[in-house]
Amino acid sequence: MTSASAPRLTARGLTAGYPGRRVIEDLDLEIAPGRITMIIGANACGKSTLLSVLARVNPPLGGRVELDGVDTATLPRRRFAQSVGLLPQHPSAPEGLTVAELVSRGRHPHRGVFQRWSAADTARVDDAMAKTGVAALADRPVGDLSGGQRQRVWIAMALAQEPRILLLDEPTTFLDLSHQIEVLDLLRTLNRTDGTTIVVVLHELNLAARYADDLVVMSRGRVVAHGAPADVLTSDVVAQAFDLDALVMPDPLTSTPLVIPVPGGAHAAADEA
């Protein structure tokens, strides 16, 4: 799949939140098709709220989300799910469910109510497990797996759905560093090989800068910077979005921005005054 065939996901004048509390106000954002976009920002800045509205988990309070220019609220749920997949922050599987059974659930948007399981469905599930390196775990209960293995299985389920856009909310949470790298390497491979648009909410600034084609920096429910990591991840942006004094320099291995907090910086001094 090429980036030209990937649909374009766009938020226009988006307002979102929860009863009695608006988290995002009048936000515009266009996700570049066929690329990896990382959304970063301080806690409670609206990252996960934005992702949930893009994924149609929660409806907007105002504005709209478009898929190739069509308001996603007007799309049948199955049709939307055939294009956009979501891996939430804390997915859970029924006790005793095997890896193959969980991954097979990703085929639901492509099957009618009375449609029988087909050889094509099996091929898609097998391919998803092979791409994520979990084929050898097919008969294992999901609950018996390590954190890194489980996350790969959930990504395999999302891939079996055949989305052209994959949204992931904190996919590295609670994983040790080696497994975080493993998951992000997998997402990069899927993007580069299949042209899948990848959108990730991430806390780790340096990993986001290393793996993103585009960074979206949020603060207080709005986008304060959007573009290539080297262009947008500056000391001023870090201070604005995270209230953090930091030195930003090229990573010696990748040349991507490396954020180094400054101990006792201006913000710390102001707090002590």
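The values are calculated or read from the model by the stated rules, or taken from the named source; none is laboratory data. Note that this is a predicted model, so its numbers are computed, not measured. Cβ coordinates were reconstructed from backbone atoms using ideal geometry, including for glycine residues, and neighbour counts include every protein chain displayed.
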Odd one out for GLU25, checked against (1) within 20 Å of the chain's Cα centre (by Cα); (2) farther than 22 Å from GLU162 by Cβ; (3) crowded, with 17+ Cβ neighbours inside 10 Å: (1)
Hits in the range 198-220 - residues which are out of contact with any Ser or Thr (no Cβ under 8 Å at 6 or more places or on another chain) and among the small types (Gly, Ala, Ser): ALA208, SER219
Residues of the range 28-62 that turn out to be surrounded by fewer than 18 Cβ atoms within 10 Å (Cβ to Cβ), closer than 20 Å to ARG8 by Cβ and touching a Lys or Arg at 6+ places or on another chain (Cβ under 9 Å), as a count: 3
Members of the range 140-189 that are of a type in the set (Phe, Trp, Tyr) and buried (at least 19 other Cβ atoms within 10 Å of the Cβ): TRP154
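Residue by residue, here is whether (1) part of a loop (DSSP other than H, G, I, E, B); (2) under 30 Å from PRO257 (Cα atoms) holds:
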site: ALA11; (1), (2): no, yes
site: ALA16; (1), (2): no, no
site: ASP28; (1), (2): no, yes
site: ASN43; (1), (2): yes, yes
site: ARG56; (1), (2): yes, no
site: PRO59; (1), (2): yes, no
Residue within the range 168-177 that is within 16 Å of the chain's Cα centre (by Cα), farther than 18 Å from HIS90 by Cβ and not assigned by TED's automatic domain parsing to the domain that holds PRO109 present: no
All positions within the range 61-78 that are outside any strand (DSSP E or B), over 20 Å from THR197 (Cβ atoms) and either basic (Lys, Arg) or touching a residue at least 40 places away in the same chain (Cβ under 8 Å) (or both): LEU61
Near pairs, Cβ below 6 angstrom, 6+ apart or cross-chain, from the range 148-164 (under 23 Å from GLY34 (Cβ atoms)) to any residue that is among the polar types (S, T, N, Q) and crowded, with 24+ Cβ neighbours inside 10 Å: ARG152/THR132; ILE155/THR132; ALA156/THR132
Residue identified as surrounded by fewer than 17 Cβ atoms within 10 Å (Cβ to Cβ), among the hydrophobic types (A, V, I, L, M, F, W, C), within 20 Å of LEU186 (Cα to Cα) and assigned by TED's automatic domain parsing to the domain that holds GLN151 among ALA130, ALA100, ALA120: ALA130
Tally of residues being more than 12 Å from the chain's Cα centre (by Cα) and either assigned to a helix (DSSP H, G or I) or farther than 18 Å from LEU86 by Cα (or both) across the range 192-210: 9
Among residues of the range 220-263, those that are in contact (Cβ under 8 Å) with a residue 60 or more places away in the chain, touching a Gly at 6+ places or on another chain (Cβ under 6 Å) and not in a helix (DSSP H, G or I), counted: 1
